[in-house]
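K.L.:
Let me begin by handing over the structure; questions about it come next.
The values are calculated or read from the model by the stated rules, or taken from the named source; none is laboratory data. Source: prediction; values computed, not measured. Methodologically, a virtual Cβ is constructed for each residue, glycine included, from the backbone with ideal geometry; neighbour enumeration extends over all protein chains shown. What goes into the accessible areas is simple: the full protein's heavy atoms, side chains included, and nothing from ligands, DNA or RNA. Shrake-Rupley method; radii C 1.70, N 1.55, O 1.52, S 1.80 Å.
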Amino acid sequence: MPAQPHIFGVRHLSPAAAWHLRQLLDRVRPRLVLIEGSDDADDLIPHIVSPKSILPIAILAYTADAPVRTFCYPLATYSPEYQALVWCRENKAKARFMDLPSSVFLGLMDRDDGTAVLNQDKPTKQKNDGDQDEDIDEGAAVVDEAKPARASVYEKIAQLAGEPDYETYWERHFEQLRGQNTYLNAALSYGVELRSIEDFSTRNAAETLVREAYMRRKIQQAIAEGVKPEQIVVVTGAFHASVLGPEHPPMTDEEFGKLRRRESKMTLMPYSFFKLSSQSGYGAGNHAPAYFEMVWNSFNSESAMADSSDSPGPSDRGVINLPTLFLTQVVRELRSSGTFRSTAEVIEGVRLAEAMASMKDSLPTLRELQDAAVTLLGQGDPNVVREPLLRVEVGTAIGALAKGVSQTSIQDDFYRELARLKLDQFKTSVKKELELDLRENRRVKSQEAAFIDLHRSAFLHRLAVLEVPFAQKQPVHQEGATWAEKWALQWTPEAEIAIVEAVLLGETIELAVAVKFKQRLENCNSVAEASTVIRQACECAMSDSIELARQTLQRLANDSSDFTALAGATHELGLVVRYGDVRQFDAEPLKPLLEQLFLEGALTLVGAANCDLAAAKKMVVGINELNKVALDYTSLIDEATWVAELQKLARADHLNPLLSGYACALLVERNLISNEELAREVSRRLSPGIEADLGAGWFEGLARRNRYALLTRLALWEQLDKYVGSLSEDEFKRALVFLRRAFGDFSPGEKRSITENLGEIWGANPERVSEALGAELTEKEKQKLDELSDFNFDDV
């Protein structure tokens, strides 16, 4: 029988596969190792195995033009592919990738039926675990029909083996294999069995067959170059291992030429344990990457290496130490959170895990260690150890690359800015908060240091515009303080992917943001969107974009009659003008536009108020926004016109009553309605002749503002008392809809003031009335309240 390459089937994130593969490599001493992975990634290999690279990292491929498509090939320390690359560097052997080029993978994502087009919010294509669905798109719009069946196969395998889940089955039957070639043979048999039940008529299965033909092509090319077959080791997913031999035909030049392609580029990016884990939804990942790295380290500890000379497999001592190490780490996490557990409990936990595993004639798996942690360290309560277990199993590790390794200019720019703004410490998978003061820091000497928080703010806002999920803006306690910002920063691989995708917009973060603003403005057809761009451009310190957005807003404002949009645009522009000093830009060119927008909004108020309740609720927000602008810029805008329009709305009987009541409340705040005038208006609006929903709706609008001013006007509550008392039962039910809404968000103190007012109106002791109304309900009252709660108010 002619010599053949050594084909080693693996699970892509398997410490046992990595360990056994290295043993095979040590025995065979190959000249060439071919590894499953896009073959145009060979230039990245020196960076992958560089001592300066901290795993996990990932190979990221992306299209060179829109629509953006990407796929990602993650590597951990215990990945067999990574260990194969490291072995080749250490032993001066050649290493190459042998899977389809990234241009073809990305082209397959653009198939006409769209089944492989990725969701743009999660644009990753992940490598799976050595099975046929090795290239499942986790964000795919349509999932291949074979996937649910495949999941059930895994479940059946676990059930037949008497295991609670598939991961425990895999760990017990593969990760604990010791003898020479045991893993290789088991993985090969496993892949053959999976292929025997596979439906190869599906689209994804067809793609797998194409990939296998191409990998055979790469193997044959290596042999044609003069490398003897027996000097080649092939590292591939277990599902493919049985069909990469010479008995199966390789892909021809003609077949290769017919494959769909997209122009592509490749880079490296840091990855994280969380993203590797099934917690993130990545089906190909370990459920516990930090734990499996612990397994890998135990295989390769000094004691393990000392014992390996007498044993064909990983050291018993190294693996047996694993339960102790794992439970000790859990205890350490418990202690850091304030829960003390003793060394004796760790010892008992190890004994329990070993006893449970012995019933399966194996070493403890993660499942036994989890059960032992809950029983001994959690004292039977899973909640006690849930967070510590998560930290020990999944971990918070995030990879890193040497400076300058990233292959796109926008990545380089991002990391330069991160260093310049001293934000490196926030590039972690643990969420951290950052508070910014945008004002000048006069206690430092340099201009850069004096405004570092302002520059940080602009940088983080630019990332937000590019939809890079690195920083989320949080509310601040200083309401109205334009100088204060609070951010929550957390690094994820998705952030790096989003940065890479943004290179299609520009070579730097700033250029990409400028192009993004320009595209939005070219497609903009509302004053609300244009004003939002002005505000965002101001926050991003993009003066050219501000001017472009100002011109767009000016053009749209001339034709707009939408009150809500005009009010929102005026409010946004008002914020930008307020930002002027603190954000160091000239707001003068925006002030005439602010004046114009405000006037147009004020003049459309009354006409827009002839609307239904749903539209009225949106208009309340707009009225409030315009009123804030009127109060903030009295010397700039036409406040008299605004007040006149409010008065028209407040007096109107034919317009939405909620809005009329709200306008009245604003006039009360401005002291433009006396007590006598308010009493007359309340009497008119809440008279028995007025329909219940109109009167109560008006009062709901009135009660939305300045409740203290309302609570001090006894005449108002006298009239409301008379009004409610005059309603019939049906009218009361109609009015109740609005009155419940009006009083629903009153504070307990405000409600107590109302009851005291009613006590005074009824001629009773206000405190006793308040006490009586605040007392616990009787059974009869509770029953009546239940009846009201069951009443379908949508029918009234």
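K.L.:
Between segment 485-551 and segment 618-697, how many Å separate their Cα centres?
P.N.:
Each part's Cα centre sits 38 Å from the other's.
K.L.:
In the P(r) worked out for segment 586-709, what percent of Cα pairs fall beyond 17 Å?
P.N.:
Numbers: 4231 of 7626 pairs.
Everything past 17 Å amounts to 55 percent.
K.L.:
Oh, and also: Would you work out the Kirkwood radius for segment 160-244? I mean one over the mean of 1/r across all pairs of different Cα atoms, in Å. Could the numbers behind the result be given before it?
P.N.:
On the way: mean 1/r = 0.0665 Å⁻¹.
Kirkwood radius, segment 160-244: 15.0 Å.
K.L.:
How far, in degrees from 0 to 90, does helix 316-336 lean away from the longest principal axis of the Cα atoms of the chain, to the nearest 10?
P.N.:
Around 10 degrees separate the two axes.
K.L.:
Just the number, please: carbon plus sulfur as a percent of the accessible area of the chain, 1.4 Å probe, no ligands or DNA/RNA counted. List each step's numbers first, then the result.
P.N.:
Working: 18090 of 36040 Å².
The C+S portion of the solvent-accessible surface of the chain is 50 percent.
K.L.:
Could you pull out every one of the lysines with an alpha carbon less than 18 Å from that of Lys486, ignoring same-chain neighbours closer than 8 positions?
P.N.:
Result set, ordered by chain and number: Lys422, Lys427, Lys431, Lys432, Lys473.
K.L.:
Sticking with this one: Counting Lys and Arg as +1 and Asp and Glu as -1, what is the net charge of the other residues whose Cβ lies under 15 Å from the Cβ of Glu767? Kindly include the intermediate steps, with their values, before the conclusion.
P.N.:
Numbers: positive: Lys751, Arg752, Arg768; negative: Glu756, Glu760, Glu771.
Residues near Glu767 contribute 0 overall.
K.L.:
Looking only at Cα atoms, what is the convex hull volume of the chain per residue, in Å³?
P.N.:
Working: hull volume 193.3 nm³, N = 796.
Taking only Cα atoms, the chain has a hull volume of 243 Å³ per residue.
K.L.:
Here's something else I'd like to know. With only alpha-carbon pairs counted, each pair once and no self-pairs, how large is the Kirkwood hydrodynamic radius of segment 500-543 in angstroms? Write out the running numbers ahead of the final one.
P.N.:
Values: mean 1/r = 0.0924 Å⁻¹.
For segment 500-543, inverting the mean 1/r across all distinct Cα pairs yields 10.8 Å.
K.L.:
Given 10 °C and 1.306 mPa s, compute D for segment 2-79 with the Stokes-Einstein relation, Rh being the Kirkwood radius over Cα pairs; round to the nearest whole µm²/s. Numbers along the way, then the final one.
P.N.:
Numbers: Rh = 14.7 Å.
D, rounded to a whole number, is 108 µm²/s.
K.L.:
Also, quick follow-up: Give a residue-ordered list of calculated ³J(HN,Hα) values for segment 373-383 (Karplus: 6.51 cos²θ - 1.76 cosθ + 1.60, θ = phi - 60°; whole Hz; x for Gly, Pro).
P.N.:
So the Karplus estimates, Gly and Pro as x, are 5, 5, 5, 8, 8, x, 6, x, 9, x, 5 Hz.
K.L.:
Another question, then. Local charge sum around Gln719 (other residues, Cβ-Cβ under 12 Å, Lys/Arg +1, Asp/Glu -1)? Present the calculation step by step, with values, prior to reporting the outcome.
P.N.:
Details: positive: Arg680, Arg684, Arg685, Arg713, Lys722; negative: Glu681, Glu718, Asp721.
Local charge sum for Gln719: +2.
K.L.:
Let me ask another. Residue by residue through segment 644-660, which ³J(HN,Hα) values in whole Hz follow from phi under the Karplus form 6.51 cos²θ - 1.76 cosθ + 1.60 (θ = phi - 60°), with glycine and proline marked x?
P.N.:
Computed from phi, the couplings for segment 644-660 are 4, 5, 4, 5, 4, 5, 5, 7, 5, 9, 9, 9, 4, x, 4, 6, 4 Hz.
K.L.:
Any chance you could give the angle, 0 to 90 degrees and rounded to 10, that helix 343-358 forms with the longest Cα principal axis of the chain?
P.N.:
Approximately 60 degrees, to the nearest 10.
K.L.:
May I pose another question? Using a/c under 1.5 as the rounded threshold, could you call segment 467-581 rounded, prolate or oblate? The axes a ≥ b ≥ c are square roots of the C-alpha gyration tensor eigenvalues, and prolate needs a/b larger than b/c, oblate otherwise.
P.N.:
Since a/c reaches 1.5 but b/c is at least a/b, the shape of segment 467-581 is classed as oblate.
K.L.:
Hey, what's segment 10-116 come to in accessible area per residue, 1.4 Å probe, Å²?
P.N.:
Details: 3070 Å² over 107 residues.
I get 29 Å² per residue for this part.
K.L.:
Let me ask another. Starting from a Cα-only point model with no solvent, please compute log10 I(q)/I(0) by Debye for segment 183-300 at q = 0.09, 0.18, 0.19, 0.21 1/Å.
P.N.:
-0.38, -1.26, -1.28, -1.28
K.L.:
Tell me, Kirkwood radius of segment 531-636 from alpha-carbon pair distances, in Å? The partial results should precede the final answer.
P.N.:
Numbers: mean 1/r = 0.0716 Å⁻¹.
Every distinct Cα pair counted, the radius reaches 14.0 Å.
K.L.:
Amide H of Lys360 versus every other amide H placed in the peptide plane: which residues, excluding those fewer than 5 positions away on the same chain, fall under 5 Å?
P.N.:
Residues meeting the criterion, in which the H sits 1.01 Å from N, do not exist here.
K.L.:
Over the heavy atoms of Thr492, what accessible area does a 1.4 Å probe trace out, to the nearest 10 Å²?
P.N.:
Rounded to the nearest 10, that gives 40 Å².
K.L.:
Taking a quarter of the surface of the convex hull around the Cα atoms of segment 551-609, what do you get in nm²? Each step should come with its number before you reach the end.
P.N.:
Details: hull surface 15.5 nm².
Spelled out: convex hull of the Cα atoms, projected over all directions, averaged, 3.9 nm².
K.L.:
Could I ask something else about it? Could you tell me the relative contact order of the chain? Use alpha-carbon pairs under 8 Å, at least six residues apart, and round to a whole percent.
P.N.:
Working: 1260 pairs, mean separation 76.4, N = 796.
It comes to 10 percent, rounded to a whole number.
K.L.:
To the nearest 10 degrees, how steep is helix 509-522 against the longest Cα principal axis of the chain, on a 0 to 90 scale?
P.N.:
Approximately 50 degrees, to the nearest ten.
K.L.:
Now for a separate question. How much accessible area per residue does segment 524-663 have, counting only protein heavy atoms and a probe of 1.4 Å, in square angstrom?
P.N.:
Values: 5640 Å² over 140 residues.
Result: 40 Å² per residue.
K.L.:
Counting DSSP beta bridges with both partners in the chain, what percentage is antiparallel, nearest 5? It would help to have the intermediate numbers written out before the result.
P.N.:
On the way: 26 of 40 bridges.
Counting DSSP beta bridges with both partners in the chain, the antiparallel share is about 65 percent.
K.L.:
Could you tell me which residue out of Ala355, Gly404, Val430 lies farthest along the dipole of segment 327-469 toward its positive end? Charges go on the beta carbon: Lys and Arg +1, Asp and Glu -1, centred on the Cα centre.
P.N.:
Gly404
K.L.:
Right, next: Compute the Cα gyration tensor for segment 195-239, then decide on rounded, prolate or oblate, letting a ≥ b ≥ c be the square roots of its eigenvalues: rounded whenever a/c is under 1.5, prolate when a/b is larger than b/c in the other cases, and oblate in all that remain. Before the final figure, lay out each step's value.
P.N.:
Details: a/c = 4.05, a/b = 2.26, b/c = 1.79.
Cα axes put segment 195-239 in the prolate bin.
K.L.:
Report the semi-axes of the equivalent ellipsoid for segment 393-507 in whole Å, largest first, where each axis is √(5λ) for an eigenvalue λ of the Cα gyration tensor.
P.N.:
Working: eigenvalues 125, 61, 42 Å².
Output for segment 393-507: semi-axes of 25, 17, 14 Å.
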